[in-house]
Amino acid sequence: QVQLVESGGGLVQAGGSLRLSCAASGSTFSIDVMRWWRRAPGKQRELVAHISSSGRTFYAESAKGRFIISRDNAKNTVYLQMNSLKPEDTAVYYCNTGILGGGYWGQGTQVTVSS
(Lines give C-alpha, C1' and ligand atoms only; values in the text may rest on other atoms or scores of the structure.)
Protein backbone atom coordinates (compact mmCIF):
# COMPACT_ATOMS: atom_id res chain seq x y z
CA GLN A 1 0.00 0.00 0.00
CA VAL A 2 1.08 3.53 -0.79
CA GLN A 3 -0.40 6.67 0.69
CA LEU A 4 -0.15 9.97 -1.18
CA VAL A 5 -0.79 13.39 0.31
CA GLU A 6 -0.87 16.49 -1.87
CA SER A 7 -0.36 20.05 -0.70
CA GLY A 8 0.35 23.48 -2.09
CA GLY A 9 -2.86 24.34 -3.89
CA GLY A 10 -4.61 27.64 -3.48
CA LEU A 11 -5.91 30.76 -5.15
CA VAL A 12 -3.58 32.69 -7.42
CA GLN A 13 -3.95 35.40 -10.02
CA ALA A 14 -3.33 34.70 -13.68
CA GLY A 15 0.38 34.83 -14.41
CA GLY A 16 1.28 33.68 -10.94
CA SER A 17 2.96 30.52 -9.72
CA LEU A 18 2.24 27.66 -7.36
CA ARG A 19 4.25 24.67 -6.27
CA LEU A 20 2.41 21.47 -5.53
CA SER A 21 3.92 18.72 -3.43
CA CYS A 22 2.97 15.07 -3.08
CA ALA A 23 4.45 13.06 -0.25
CA ALA A 24 4.36 9.29 -0.48
CA SER A 25 4.48 6.86 2.42
CA GLY A 26 4.02 3.16 2.94
CA SER A 27 5.48 0.74 0.39
CA THR A 28 7.50 3.45 -1.32
CA PHE A 29 10.07 0.96 -2.59
CA SER A 30 7.51 -0.06 -5.19
CA ILE A 31 7.13 3.42 -6.63
CA ASP A 32 8.43 4.08 -10.13
CA VAL A 33 6.47 6.60 -12.15
CA MET A 34 4.73 9.39 -10.30
CA ARG A 35 2.07 11.44 -12.06
CA TRP A 36 0.12 14.63 -11.67
CA TRP A 37 -3.41 14.67 -13.04
CA ARG A 38 -6.06 17.31 -12.92
CA ARG A 39 -9.80 17.47 -13.24
CA ALA A 40 -11.43 20.75 -14.14
CA PRO A 41 -15.14 21.33 -13.55
CA GLY A 42 -17.17 19.63 -16.26
CA LYS A 43 -14.11 18.12 -17.93
CA GLN A 44 -12.42 14.75 -18.04
CA ARG A 45 -9.40 13.97 -15.98
CA GLU A 46 -6.20 15.05 -17.71
CA LEU A 47 -2.66 13.75 -17.26
CA VAL A 48 -0.53 16.84 -16.67
CA ALA A 49 2.95 15.36 -16.22
CA HIS A 50 4.81 12.33 -15.03
CA ILE A 51 8.31 11.49 -13.91
CA SER A 52 10.06 8.14 -13.63
CA SER A 53 12.34 7.09 -10.83
CA SER A 54 15.28 7.82 -13.13
CA GLY A 55 14.02 11.34 -13.84
CA ARG A 56 12.51 10.93 -17.28
CA THR A 57 9.61 13.32 -17.72
CA PHE A 58 6.49 13.73 -19.80
CA TYR A 59 4.32 16.81 -20.11
CA ALA A 60 0.93 17.40 -21.60
CA GLU A 61 0.90 20.04 -24.31
CA SER A 62 -1.00 22.33 -21.97
CA ALA A 63 1.84 22.11 -19.43
CA LYS A 64 4.89 22.31 -21.66
CA GLY A 65 7.03 25.37 -21.07
CA ARG A 66 5.09 26.39 -17.95
CA PHE A 67 5.12 23.44 -15.54
CA ILE A 68 8.09 21.53 -14.19
CA ILE A 69 7.78 18.14 -12.51
CA SER A 70 10.54 16.96 -10.21
CA ARG A 71 11.04 14.45 -7.45
CA ASP A 72 13.16 13.90 -4.39
CA ASN A 73 13.53 10.14 -4.07
CA ALA A 74 15.12 10.43 -0.64
CA LYS A 75 12.00 12.23 0.62
CA ASN A 76 9.57 10.17 -1.50
CA THR A 77 8.11 13.44 -2.72
CA VAL A 78 7.14 14.68 -6.17
CA TYR A 79 6.66 18.34 -7.01
CA LEU A 80 4.86 20.28 -9.70
CA GLN A 81 6.10 23.82 -10.19
CA MET A 82 3.43 25.70 -12.08
CA ASN A 83 4.32 29.04 -13.63
CA SER A 84 2.46 31.50 -15.82
CA LEU A 85 -0.81 30.10 -14.56
CA LYS A 86 -3.96 30.65 -16.58
CA PRO A 87 -7.62 30.53 -15.55
CA GLU A 88 -7.96 27.32 -17.55
CA ASP A 89 -5.49 25.68 -15.16
CA THR A 90 -8.17 25.83 -12.48
CA ALA A 91 -8.79 22.26 -11.35
CA VAL A 92 -8.30 19.75 -8.60
CA TYR A 93 -4.80 18.33 -8.97
CA TYR A 94 -4.13 14.73 -8.02
CA CYS A 95 -0.96 12.80 -7.43
CA ASN A 96 -0.91 9.20 -8.61
CA THR A 97 1.41 6.22 -8.86
CA GLY A 98 1.03 2.62 -9.93
CA ILE A 99 -0.62 1.27 -13.05
CA LEU A 100 -1.74 3.93 -15.51
CA GLY A 101 -5.29 4.94 -14.80
CA GLY A 102 -5.33 3.04 -11.51
CA GLY A 103 -2.90 2.51 -8.69
CA TYR A 104 -2.79 4.86 -5.72
CA TRP A 105 -4.23 8.37 -5.56
CA GLY A 106 -4.02 11.30 -3.25
CA GLN A 107 -7.03 13.25 -2.07
CA GLY A 108 -6.36 16.13 -4.44
CA THR A 109 -5.55 19.78 -3.95
CA GLN A 110 -7.58 22.64 -5.42
CA VAL A 111 -5.88 25.15 -7.68
CA THR A 112 -7.89 28.21 -8.61
CA VAL A 113 -6.53 30.81 -11.02
CA SER A 114 -8.39 34.09 -11.17
CA SER A 115 -8.36 36.32 -14.22
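Taking a point 7 Å out from the Cα of PHE29 in the direction of its Cβ, the residues of the stretch 75-97 whose backbone N falls within less than 20 Å of it are 75-77, 97. Orientation-averaged projection of the stretch 3-59 equals 5.2 nm² [convex hull of Cα atoms, one quarter of hull surface area]. The residues of the stretch 62-107 have, on average, 47 Å² of accessible surface per residue, using a 1.4 Å probe with all protein chains present. Excluding same-chain neighbours fewer than eight residues apart, the aspartates and glutamates reachable from LYS43 by a Cα-Cα span under 20 Å are GLU61, GLU88, ASP89. The translational diffusion coefficient of the chain, from Stokes-Einstein at 20 °C and 1.002 mPa s with a Kirkwood hydrodynamic radius over alpha carbon pairs, comes to 154 µm²/s. Relative contact order of the chain: 36 percent, from C-alpha pairs under 8 Å at least 6 residues apart in sequence. With all protein chains in place and a 1.4 Å probe, the accessible surface of the stretch 1-73 carries 50 percent carbon and sulfur.
The values are calculated or read from the model by the stated rules, or taken from the named source; none is laboratory data. Keep in mind that what you see is a predicted model, and the values were worked out from it rather than measured. All Cβ positions, even for glycine, are placed from backbone atoms using ideal geometry, and neighbour counts span all protein chains on display. These area figures cover heavy atoms from the full protein model, side chains too; ligands, DNA and RNA do not enter into them. Shrake-Rupley method; radii C 1.70, N 1.55, O 1.52, S 1.80 Å.
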